[in-house]
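Input: a single structure, listed below in structure tokens.
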There are 2 protein chains.
Amino acid sequence: MSTDRRPIGCFDSGVGGLTVVRRLLELLPRESVQYFGDTARLPYGSKTRPTIIQFSIENTRWLVEQDVKAVVVACNTSTALALDAIRRKFDLPIIGVIEPGARAAARITRSGRVGVIATRATVGSRAYSHAIKKVSKKIEVFERSCPLFVPLAEEGWLEHPAALEVAREYLSPLKRHQVDTLVMGCTHYPLLRGVIQQVMGPGVKLIDSGEEAAGEAHRVLEMEGLLAPRGAVARHEFALSDVPGRFTEVGSRFLGQTLRKVRRVTHEDGAWRI
Amino acid sequence: MSTDRRPIGCFDSGVGGLTVVRRLLELLPRESVQYFGDTARLPYGSKTRPTIIQFSIENTRWLVEQDVKAVVVACNTSTALALDAIRRKFDLPIIGVIEPGARAAARITRSGRVGVIATRATVGSRAYSHAIKKVSKKIEVFERSCPLFVPLAEEGWLEHPAALEVAREYLSPLKRHQVDTLVMGCTHYPLLRGVIQQVMGPGVKLIDSGEEAAGEAHRVLEMEGLLAPRGAVARHEFALSDVPGRFTEVGSRFLGQTLRKVRRVTHEDGAWRI
């Protein structure tokens, strides 16, 4: 069976995708990761389809130039609005975060009532509803955008009274709809798992889209004969379009380990350059 | 005395600068405004100096290409980090929002204890402290970044319990320092004036940096013989690098009147193109 030592490419609008990388590293400890975070232009979730497609294609092109063997779109907004455009443009495996999370939700729900929380752009695309209904038309899906969750997670106010007030406001319609399963459809949200679970109650199962996407990446790499060989030593690199002083601190919180080898790339003539 | 019918250029990272335009239109009803909001790359306040300088110069270049007679940098973050760079690069009057607000604070304070709330980048630059101390070295300045105020204002949660919790957290150190004057050093913050005043108490005077900048623009245009002639009819245009569906709604709230003539410009080869 063939193997491949090249890194897995992974991009996000910023640091949120590091929660996906964290799951990848847990599941596939021999794999190297080349990460790109578009911190100069984040967030994507409040922006429109043409802008998100343009940014996502530029990011993927840069990863492909780094000779990655596959790309994980570690951003729900890019997956929702640009996954098809990226797949049409590039000829390597492209893994999104939405279908795996949607399939998990469809598998887990007992009541057939699933909630999805995500950015405004992701909710506007209805990507989760479509993906869940592809598994079963009978499942009712209730989507809700939570624009303040991203800045709260980046500020690190994970258990602050303000986080609880915000969560109550956003989640109360989903509670009224009595969902039994809730997809955290933005890679930032797992950091707020505590307040989200507190507001939803212990009976509601939370789904981490990044965790599901890591499983999907494993299956795709195995199928395509692209897994790293036994004994391969993983080397990870992190590239960003802007490197704020707090990045190492915030990023390490998201990744669950200390970030090393962070470099800045700049945008020139419609492309990222080191 | 000479006059000039060309528009005043005005840019911000997004919609916040419309609070400055609002003040400009109130003060100078004959002036036309050409606005540029970099909505594709907002916010700037969490980004670094090189990135903010690059974006600010690109925005100013586009305004200059539209044949504006002066540029109001309607963004505290751009003013704090890029005003000198812009002035070195372009040969027309460039008006920032920080010096006018700083002078107003120095004039108004009785206790000699001034608070400044702004983005992380603005606070990190210490631009307000330097500008206030240029007026009087005796004034003590206490700066505090409030990253969640921008997304709260954009979400329109101006009097929500969450806004009050966030304001309490950010403002309590300034209350402890017993400031009698507080500069709202970000063009988004005047929308949250209600909760800010409520937390600070009625004895604290709030300064709107946009209002002060409009006065400064008036003085500069008059001095340079650039005011529009009597009988001139103002025509305003709004250009954005991304045009979200909610822009007209949110922008109109910031501007205090309905937005018309919004067009999208895209970024090509390091420059904005219509």
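What the table shows:
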item	result
B:T3-A:R230 FRET efficiency (beta carbon distance; Förster radius 56 Å; 0.05 resolution)	0.10
The protein assembly as shown - Debye-derived log10 I(q)/I(0), Cα point model, q = 0.10, 0.11, 0.12 Å⁻¹	-0.83, -0.98, -1.14
Taking only Cα atoms of the stretch B:98-210, radius of gyration then Dmax in Å	12.9, 39
Top of B:A217, B:A167, B:A85 by mean-square fluctuation, Gaussian network on chain B, Cα under 10 Å	B:A85
Over the stretch A:98-210, relative contact order from alpha-carbon pairs under 8 Å, at least 6 apart, %	35
Position A:K261, label points 7 Å along Cα→Cβ, spacing to each other copy in nm (shortest first, one decimal)	5.3
Cβ-based charge dipole, the stretch A:98-210, positive-most Cα from A:L191, A:V114, A:G201	A:V114
Residue-wise HN-Hα coupling along the stretch A:210-226, computed from phi with Karplus coefficients 6.51, -1.76, 1.60 (Hz; x: Gly, Pro)	x, 5, 5, 5, 4, x, 4, 4, 4, 4, 5, 5, 5, 4, 8, x, 10
Chain B: calculated mean residue ellipticity at 222 nm from DSSP helix runs of at least 4, using -39500 (n - 2.57)	-13500 deg cm²/dmol
Derived scalar couplings ³J(HN,Hα) [the stretch B:188-203; Karplus, 6.51 cos²θ - 1.76 cosθ + 1.60; whole Hz; x for Gly, Pro]	7, 5, x, 5, 9, 3, x, 5, 5, 5, 4, 6, 6, x, x, x
Cut-off under 5 Å, modelled amide H: who pairs with B:K205 long-range	B:T181, B:L182
Whole-number D in µm²/s for the stretch B:1-47 (Stokes-Einstein; Kirkwood sum over Cα pairs; 37 °C, 0.692 mPa s)	277
Fraction of antiparallel bridges per DSSP, the protein assembly as shown only, in percent to nearest 5	10
Reachable aspartates and glutamates from B:K175, criterion Cα separation under 13 angstrom, eight or more residues apart if same chain	B:E143
Max mean-square fluctuation residue, GNM over chain A, Cα-Cα springs under 10 Å, options A:T187, A:T51, A:T79	A:T51
Summed residue charge, Cβ within 11 Å of A:P244's Cβ, Lys/Arg positive, Asp/Glu negative	+2
Position B:D67, label points 7 Å along Cα→Cβ, spacing to each other copy in nm (shortest first, one decimal)	5.3
Net +/- balance of residues flanking A:A232 in space, Cβ distance below 10 Å, scoring K and R +1, D and E -1	+2
Normalised contact order of chain A, rounded percent, pairs of Cα under 8 Å and 6 or more residues apart	28
Cα-based Rg of the stretch A:171-274 normalised by 2.2 N^0.38 Å, two decimals	1.45
Cubic angstrom per residue, convex hull over Cα atoms of chain B	122
Rounded, prolate or oblate (a/c below 1.5 giving rounded, otherwise prolate when a/b exceeds b/c) for the stretch A:153-213 by Cα gyration tensor	oblate
Set of lysines near A:K69 by C-alpha distance (under 24 Å), chain-local residues within fewer than 8 positions excluded	A:K89, A:K261
Selected from A:M200, A:M184, A:M223 as most flexible by GNM, with chain A as the system and alpha-carbon contacts under 10 Å	A:M223
Table column - 3J(HN,Hα) (Hz), the stretch A:3-20, Karplus curve with 6.51, -1.76, 1.60, x for Gly and Pro	9, 8, 8, 5, x, 7, x, 8, 10, 8, 5, x, 9, x, x, 5, 5, 6
For the stretch B:1-89, the Rg and Dmax computed from alpha carbons only, in angstrom	12.9, 44
Approximate spin-label separation B:D84-A:R260, in nm, with each point projected 7 Å along Cα-to-Cβ	3.7
Amide H contacts under 5 Å for A:A239, placed H, 5+ residues apart	A:Y35, A:F36, A:G37, A:R263
12 Å beta-carbon shell around B:G9, net charge (K/R +1, D/E -1)	-2
Helix A:76-89 vs. chain A, principal-axis angle (Cα, 0 to 90°, nearest 10)	40
Distances in nm from B:K89 to the matching label points in the other copies, shortest first (labels 7 Å along Cα to Cβ)	2.5
Of A:V123, A:N76, A:L92, farthest towards positive along the dipole that unit charges on Lys, Arg, Asp, Glu beta carbons give the stretch A:62-146	A:V123
Size of charge dipole - chain A - debye, nearest 20, with Cβ of Lys, Arg +1 and Asp, Glu -1, no other charges	600
Dipole magnitude (debye, nearest 20) for the stretch B:98-210, charges at Cβ of Lys, Arg, Asp, Glu	760
Loop sites in the stretch A:168-262: chymotrypsin sites (Phe, Trp or Tyr not before Pro), DSSP, at most 10 other Cβ within 10 Å	none
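Values quoted throughout were computed directly from the atomic coordinates according to the rules given, and no laboratory measurement underlies them. Here the structure is a predicted model, which is why all the values come from computation and not from measurement. When we count neighbours, we look across all protein chains shown, and the Cβ atoms used for this are built from the backbone with ideal geometry, even at glycine.
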